[in-house]
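These notes concern the structure reproduced below.
The values are calculated or read from the model by the stated rules, or taken from the named source; none is laboratory data. Nothing here was measured: the structure is a model prediction, and the numbers come from that model. Neighbour counts are summed over all protein chains in view; Cβ atoms, including those assigned to glycine, are modelled from backbone coordinates with ideal geometry. When the accessible area is computed, the model is the full protein with side chains, heavy atoms only, and any ligands, DNA or RNA have been set aside. Shrake-Rupley method; radii C 1.70, N 1.55, O 1.52, S 1.80 Å.
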Amino acid sequence: MRRKLYLETFGCQMNELDSELVLGQLRAQGYETVEDRDAADVILYNTCSVREHAEQKVWSRLGELRDRKKRDPGVVIGVIGCMAERDGPSLFQRHPHVDLLCGPGELDKLPGMVHNASVAATERRNAGATKRERQVALMGANARRSGTLEAAADNLELLDLSRSISPSDDLAQAYVRITRGCNKFCTYCVVPYTRGPEVHRPPQNVIDEVRRLADAGVREVTLLGQTVNHYHYRHGDGRTTSFAELLYQVHEAVPHLPRLRFVTSFPRDFTDEALAAMRDCERICRYLHVPAQSGSDRILKLMNRGYAARQYTDFIDRARAMMPDVSIASDFIVGFPTERDEDFRQTVELLRHCRFKNSFIFKYSPRPGTAAIDRFADDVPEDVKRRRNNELLAVQQEVSAENNRQMVGKSVQVLVEGESKLMAKPAYPKAPGGGVELLWERRKASQAESEQPAEPLTQLVGRTRGDRVVVFDGNLSMRGALLDVEIVDARSLTLFGRLCKAAAAPA
Ligand code: SAM
Ligand code: SF4
């Protein structure tokens, strides 16, 4: 009988990709994934340590499993990803029922570890044995040593290369890693410690992976890195491939991929060549996610971000001058130690100047192991953090609503993600005398006059090339398609549209 696996993922796109790769490997070993945790023989949490809140969710999930493990000692419980790396074996003290810990830099070892843990757990179940054999794979103190780094990078490369892609996967979008780890050491951030040093993947491996995905029907590939635009691969013969060169190469080598995007960019590393690649290659989405974190030079310095607010806004202005239609998103941390009202005002000004499409706004969360927790007291009171968070969010919503209003009347191309969560009613009032015109339906009808009746209308959600969310009426057979939609209404988070015949303009 196939063993059942439950895997829940927390955190960033990098974790989503890791989970996909791990699932592929475990499926190849005969595991079947299940949605019901109670039905699983192996339960894995792929975790995030960036903020305390993300860790608390995992603590509570693990707490819920204590009784299950008592009732069924044969179940395997594993913590993988950044929390495993950050907490290490101390996690067993708090949750002795956990069997397996695997950091993000050791995931190539996971299939073997799950196998060993399963064998031990089955023995326990059958023989009632109480002996625990825990499986642990962490980079630990070796994380940033160059000798171990090379071996680890090679093994991890195998994990990415092992990706199983099949046309039956029904994938519209996919992530492809180009860089692992991070060398920036922003003082608040755990990533350089949990994911280790920056390592760049060979360009040919990236190109091959993107091509295999496009061959299997993927419509949009997102290249991933913590500082994705810092990509530079040094070849054995001394040549270097820059981020701009990689963009041109992928774009050219995979002409049947309709959309290529990348996240997350670091403001300091953006060259004019990379911006020119975005401008010149029509299938590269004009979308940048480039976190500012703060608008105050004093706070940016304490964060060790390596740029001043003026350099950040100059970069945004430069990007807009080259691509007036570029859509830009940002991240901010409010309530960083010593942040005063004046610092926060400067953050609000920066947001207003840059007119971001959206911003991810976080309250500072002190993380053990980071420089900030050692150097600074977490001295901004919680209610002040909350107030600043809400205020910045309100300003962003105002800016987003204004940006979105300018989209009304335009035609955009959307990649259909699926049914909207609000699908109970049509996205937009029907046009007089017959409702929205479904070009797709007409095409289907002309292809086969008396085939099945058309699928029922529902509310779909799609994304523009600029990462804007559009809700419109259509049917489920459109999932994964690239369609032209006319924008008819706008809110701060969502655009409302109807399918149209007109040629789409990138947005
Ligand atoms: N590499 C990206 C960059 O340089 O911005 C983002 C990586 S981080 C996983 C995602 C976001 O989490 C950051 O941009 C930052 O805003 C936020 N973040 C990281 N550490 C944090 C902390 N200790 N407290 C609050 N927010 C944090
Ligand atoms: Fe963390 Fe800074 Fe690296 Fe982003 S650039 S992952 S915020 S250390």
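Remarks
- Residues of the range 261-313 that turn out to be among the small types (Gly, Ala, Ser) and within 15 Å of ligand 2 (Cβ to nearest atom), as a count: 4
- One residue from Arg352, Arg388, Arg340 being among the basic types (Lys, Arg) and without any contact (Cβ under 8 Å) to a residue 12 or more places away in the chain: Arg340
- The residues listed here are Asp297, Asp272; of these, the one that is closer than 24 Å to Asn389 by Cα, open to solvent by 10 Å² or more (accessible area, probe 1.4 Å) and more than 16 Å from ligand 1 (Cβ to nearest atom) is Asp297.
- Taken over the range 11-29, the criterion of being away from ligand 1 (no atom under 16 Å from the Cβ), open to solvent by 30 Å² or more (accessible area, probe 1.4 Å) and either in a loop (DSSP other than H, G, I, E, B) or closer than 18 Å to Ala121 by Cα (or both) is satisfied by Gln29 alone.
- If only residues of the range 179-193 that are open to solvent by 10 Å² or more (accessible area, probe 1.4 Å) and more than 10 Å from ligand 1 (Cβ to nearest atom) are counted, the one that is farthest from Phe262 (Cα to Cα) is Tyr193.
- Among the residues examined, Ser265 qualifies as modelled with pLDDT of 95 or more, closer than 23 Å to Cys182 by Cβ, open to solvent by less than 10 Å² (accessible area, probe 1.4 Å) and under 18 Å from the mean Cα position of the chain (by Cα).
- Members of the range 356-372 that are more than 13 Å from Phe185 (Cβ to Cβ) and in a loop (DSSP other than H, G, I, E, B): Phe356, Lys357, Tyr364, Ser365, Pro366, Pro368
- Among (1) assigned to a helix (DSSP H, G or I); (2) closer than 29 Å to His289 by Cβ - the single one Glu8 does not satisfy: (1)
- Flag for Leu158 being part of a helix (DSSP H, G or I), surrounded by fewer than 20 Cβ atoms within 10 Å (Cβ to Cβ), away from ligand 2 (no atom under 16 Å from the Cβ) and at pLDDT below 90: yes
- Pairs, first in contact (Cβ under 8 Å) with a residue 12 or more places away in the chain in the range 8-21, second outside any helix (DSSP H, G or I) and among the hydroxyl-bearing types (Ser, Thr, Tyr), C-beta under 6 Å, six or more apart: Glu8/Tyr45; Phe10/Thr47; Gln13/Tyr175; Asn15/Thr9; Glu16/Thr9; Leu17/Tyr175; Ser19/Thr9
- The range 307-336, residues that are part of a loop (DSSP other than H, G, I, E, B) and either under 24 Å from the mean Cα position of the chain (by Cα) or on the phi < 0 side of the Ramachandran plot (or both): Tyr307, Ala308, Met323, Pro324, Asp325, Val326, Phe336
This table checks each residue for (1) modelled with pLDDT under 50; (2) farther than 30 Å from His289 by Cα; (3) over 27 Å from the mean Cα position of the chain (by Cα).
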residue: Gly434; (1), (2), (3): yes, yes, yes
residue: Leu439; (1), (2), (3): yes, yes, yes
residue: Gln452; (1), (2), (3): no, yes, yes
residue: Leu482; (1), (2), (3): no, no, no
residue: Ile487; (1), (2), (3): no, no, no
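- Of the residues Val221, Val228, the single one that is away from ligand 2 (no atom under 16 Å from the Cβ) and either modelled with pLDDT of 95 or more or not aromatic (Phe, Trp, Tyr) (or both) is Val221.
- So Val326, is it away from ligand 1 (no atom under 16 Å from the Cβ), more than 30 Å from Leu460 (Cβ to Cβ) and surrounded by 14 or more Cβ atoms within 10 Å (Cβ to Cβ): no
- If only residues of the range 194-225 that are within 12 Å of ligand 1 (Cβ to nearest atom) and open to solvent by less than 10 Å² (accessible area, probe 1.4 Å) are counted, the one that is farthest from Leu288 (Cα to Cα) is Thr194.
- Looking only at the range 348-380, and only at residues there that are within 16 Å of ligand 2 (Cβ to nearest atom) and polar (S, T, N, Q), the one that is nearest to Gly466 (Cα to Cα): Ser359
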